[in-house]
Structure formats: structure tokens, C-alpha cells
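What follows is a set of notes on a single structure, which appears directly below.
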Amino acid sequence: MLHPRFYLLKTAHSRFTFPADEIKKLLRPKKGRDSRNNQDKKPNMAGTPLRWNMTLPNGQPLCWDTPGARWDGTVEEVMAAIEQQNNNTTMSKNLISAALAAQAVTNITTAVATIRTNLPFILNLTPDQRKSLPSITEASQGIVLATINFVAQHPEALPATFNVTEFNKDAALLAPLQQVASLIATLNTDTDDTLRALHGDLYSEFLDVYALAKAGNRNGSYDDYLNSVKGRFSKGPSPAAKAAKAAAKAAKTR
């Protein structure tokens, strides 16, 4: 009788005695890349398996780059990944979500008209006039203020040809007009930023609609829309740019 710590291994032609620990090592599954791969490739028993060229529940075809698509994956995993991607995309591109009622537009139009009524002297300069006029920046406003104080303190220093009354009128207009201009400029900047954000949202949504319409255009029912907007993706200059270039070239040859 063998000791419990030893096993008798019988073959067709001979008998061998091995320690029990050695036999357990031989029978123990190997830990390595193969065993890890086998563990990673456990069949997914839950969910609907993906099939090549299938149509997902949302009506979109399954493609190689569909979010969540993987070998041995499920439809439920793909739909969850698509939903997550849509949520992330919506959060990133939906910069503005608002409504502007007709009454609000009327009120704003009336308010702008009121502003113009209270600024009857505002000018609309031409580009050449803007270039010809000197520009006074914040850094150079100190010399203007110093001059205003000097004229108020020493009117005798100026000849009769210098219109002190008109100078003082301009000096009195500076501070309040700067305050109003600053308010309007801030409002204009905010309105322009909001409009840019709205344009960005609409363009991102246009890309989504175009991609969905193109993917679902199986019977040609969306051809009119796709043909009307596909020029946005065409390469090369636009017809207007080509015409302008041709006109410039013709002007040079004259």
C-alpha cells in the first residue's frame, strides 16, 4: 500500500510512482495567455447577438464603426452605446435652447427705435471716413481729459478763432456717449455670440439629419433633399468664387 502522499501511475507497459503534489501540478489548468483568452471569450448568453448586415431597432444598419459594435456583442450593448453617444453629442453641440416670441421681437424693435430717437446725432461713416479719422484709445484718453481741464482753467490761452463753445459741447458729450456705447457694444457682442452658437447648433444638427437621410434613403424618397444640400460637401471653389476669380483675371488682362 502506497503512502497517501504518493500516487501509482499505470501505463501499458510499466508502473510509476509519483508524489501527490506533482500529480496535482500536472492536472492543474495552465495559467497563461491561452487560459486568459478562453476566459475573455466566454459566450455572451444574455441579449440579442449581432448579425452581419442587420438593421438595428432604431432603423439604422449595423456598420463596422457603429458605437458599441464588437465581435460576439449584443444589440442591447450597441443601442446603449448609441444612446450614450447621442447624449454626449447633444450636450456638446446644444449650446443654446431658447425661444423668442413675436411680442418680444416687437418690444426689442421698439426699444431699438427708442434708442435711435434718443441718439438723433449718431453717424454712419463710410469706410474711407473711418480710416481718415484719428482713433483715440483708452490709453490716449488721458490727453483728451487733460486738454478739457486746461481749456476750462485757461480760456485766455486760446485765440478767438478757436470755438470754445463747440469744444466744451464735445467734451460734455464724451462721458455719457461712452457709457451708452459700452452698453450697446456689450449687447452687440452677446447677441453676436448667441447667434454664432445658434448657427453652430443648426449646422451640427444638419450634419446629423443629412447622415440619417443618406443612410435611410433606400428607395430614393429623400433624393430631393440630399441633392439640394450635397453641394455643401463638394470639393473646390463655389460658383460665386469661380466667377469672382474669373472677373479679377479679366480685369488684370485689360
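Set the Förster radius R0 to 35 Å, insert the Cβ-Cβ distance between Asp72 and Ala215 as r into 1/(1 + (r/R0)^6), and round the FRET efficiency to 0.05.
That gives a FRET efficiency of 0.90.
Express in nm, to one decimal, how much length is gained between Ala247 and Gln129 on full extension, taking 0.36 nm for each residue of separation and deducting their alpha carbon distance. Before the final figure, lay out the partial values.
On the way: separation 118, 0.36 × 118 = 42.48 nm, distance 2.80 nm.
Length gained between Ala247 and Gln129: 39.7 nm.
Let me spell out the model: positive unit charges on the Cβ of Lys and Arg, negative unit charges on the Cβ of Asp and Glu, origin at the Cα centre of the stretch 124-232. What dipole size does that give, in debye rounded to 20?
340 debye
Decide, for the stretch 189-234, between rounded, prolate and oblate: order the square roots of the alpha carbon gyration tensor eigenvalues as a ≥ b ≥ c, take rounded if a/c falls under 1.5, and otherwise choose prolate if a/b is larger than b/c, else oblate.
Verdict is prolate for the stretch 189-234.
Ala101 to Leu183: extension gain in nm, 0.36 nm per residue of separation minus the Cα-Cα distance? Working shown, then result.
Details: separation 82, 0.36 × 82 = 29.52 nm, distance 2.35 nm.
Result: 27.2 nm gained on full extension.
Want the number for Trp64 to Lys230: 0.36 nm per residue separation, take away the alpha-carbon distance, what's left?
Separation in residues times 0.36 nm, less the Cα-Cα distance, equals 57.3 nm.
What is the set of long-range amide H partners of Thr48 at a cut-off below 5 Å, with H atoms built 1.01 Å from backbone N?
Those lying under 5 Å, H to H, from Thr48 are Val75, Glu76.
So if R0 is 35 Å, what FRET efficiency would Tyr222 and Arg196 give, r being the distance between their Cβ atoms, rounded to the nearest 0.05?
Efficiency for this residue pair is about 0.75.
Name the residue from Ser228, Leu198, Ala139 whose Cα lies farthest towards the positive end of the charge dipole of the stretch 124-232, charges +1 on Cβ of Lys and Arg and -1 on Cβ of Asp and Glu.
Sorting the options by dipole projection puts first Ser228.
Where a number appears in this text, it was derived from the coordinates with a stated rule and is not lab data. Here the structure is a predicted model, which means the values were calculated and not measured. So basically every Cβ, Gly included, is an ideal-geometry build from the backbone, and we count neighbours across all protein chains shown.
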